[in-house]
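A short worksheet on the structure shown next.
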Amino acid sequence: MVRRRPLVTQHLENISREALEKYQDIIKEYIRKRQGIYALYRRGKLYYVGLASNLRARLKTHLRDRHGELWDRFSVYLTIGDEHMRELEAMILRIVNPAGNKVKGKFIKSENLRNRVRRDFRLRLREEEAQLWGGRGYQPKKKRKTKKEELKKSKATGRRPILAKYGKTGMRLKGVHKGKNLKAWVRKDGAIRYDGDVYNSPSLAARAAIGHKANGWRFWKYERSPGDWVSLDHLRR
């Protein structure tokens, strides 16, 4: 069983500004030179969110900077690493939009699905309209396959490539074996190209990659969204 590394290891919530001013020596023993996310509150409402590599120093600064008289309580959330800290801060800012934060958070690499979802909504509305008033509705143009593509089959079994029916073609695959990163590519016909050879199933490609029988659906991963690599098995769920 793999133990998950926690994001937040310790936290201190809803502490008064007065306590920070009066008992800095006590509080600093827990948060000095510790990194994490902090939140400032004003009359029970979230006022400001930030991240810091030294929480004690940052809070001390906020006692006298432009935010100095605009908050009365605070919370801190201590973390081990800072790998996702900036994105965590960005997510919080985008959700709650605190009054004291002037800059909206940005993600390092995230696909905005808004346009794609809007497109799917429009297609669904056209289909519903066609059902109500008759007609076929919107029919997206299908790309005509060449004769060569239609006749193309895997030499291994003579069957149509398995991934073809999932519509996930032209994408990168990756797998790890004995610490080595292995790369493959899904062709337009759904076949998998690895090391110059073509295979019609993930398991055949995985077997060729690692030298013995393997479950290719779990071995190979594809990029579901920018930076989000998941196993091919997700396609069958």
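Per-structure values
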item	result
Single residue of the stretch 15-40 satisfying the filter (of a type in the set (Val, Ile, Thr) and part of a strand (DSSP E or B)) that is nearest to Ala99 (Cα to Cα)	Ile37
Some residue of the stretch 66-86 being out of contact with any Leu (no Cβ under 6 Å at 6 or more places or on another chain) and at positive phi	no
Single residue of the stretch 1-12 satisfying the filter (within 16 Å of Thr79 (Cα to Cα) and loosely packed, with under 11 Cβ neighbours inside 10 Å) that is modelled with the highest pLDDT	Pro6
Qualifying position, being modelled with pLDDT under 70 and within 23 Å of Arg119 (Cβ to Cβ), among Gly135, Gly170	Gly135
Pick from the stretch 188-210, criterion charged (D, E, K, R) and touching a residue at least 24 places away in the same chain (Cβ under 8 Å), ranking: surrounded by the most Cβ atoms within 10 Å (Cβ to Cβ)	Asp189
Residue within the stretch 48-56 that is under 20 Å from Met85 (Cα atoms), touching a strand residue (DSSP E or B) at 6+ places or on another chain (Cβ under 7 Å) and surrounded by fewer than 17 Cβ atoms within 10 Å (Cβ to Cβ) present	no
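Conditions tested, residue by residue: (1) exposed (fewer than 12 other Cβ atoms within 10 Å of the Cβ); (2) at pLDDT 80 or above; (3) of a type outside the set (Gly, Ala, Ser).
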{"site": "Glu83", "(1), (2), (3)": "yes, no, yes"}
{"site": "Arg86", "(1), (2), (3)": "no, no, yes"}
{"site": "Ile95", "(1), (2), (3)": "yes, no, yes"}
{"site": "Asn101", "(1), (2), (3)": "no, yes, yes"}
{"site": "Lys109", "(1), (2), (3)": "yes, no, yes"}
{"site": "Leu113", "(1), (2), (3)": "yes, no, yes"}
{"site": "Arg119", "(1), (2), (3)": "yes, yes, yes"}
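The values are calculated or read from the model by the stated rules, or taken from the named source; none is laboratory data. Worth saying up front: this structure is predicted, and the values here are computed from it rather than measured. Cβ: placed from backbone, ideal geometry, glycine included. Neighbour counts: every protein chain shown.
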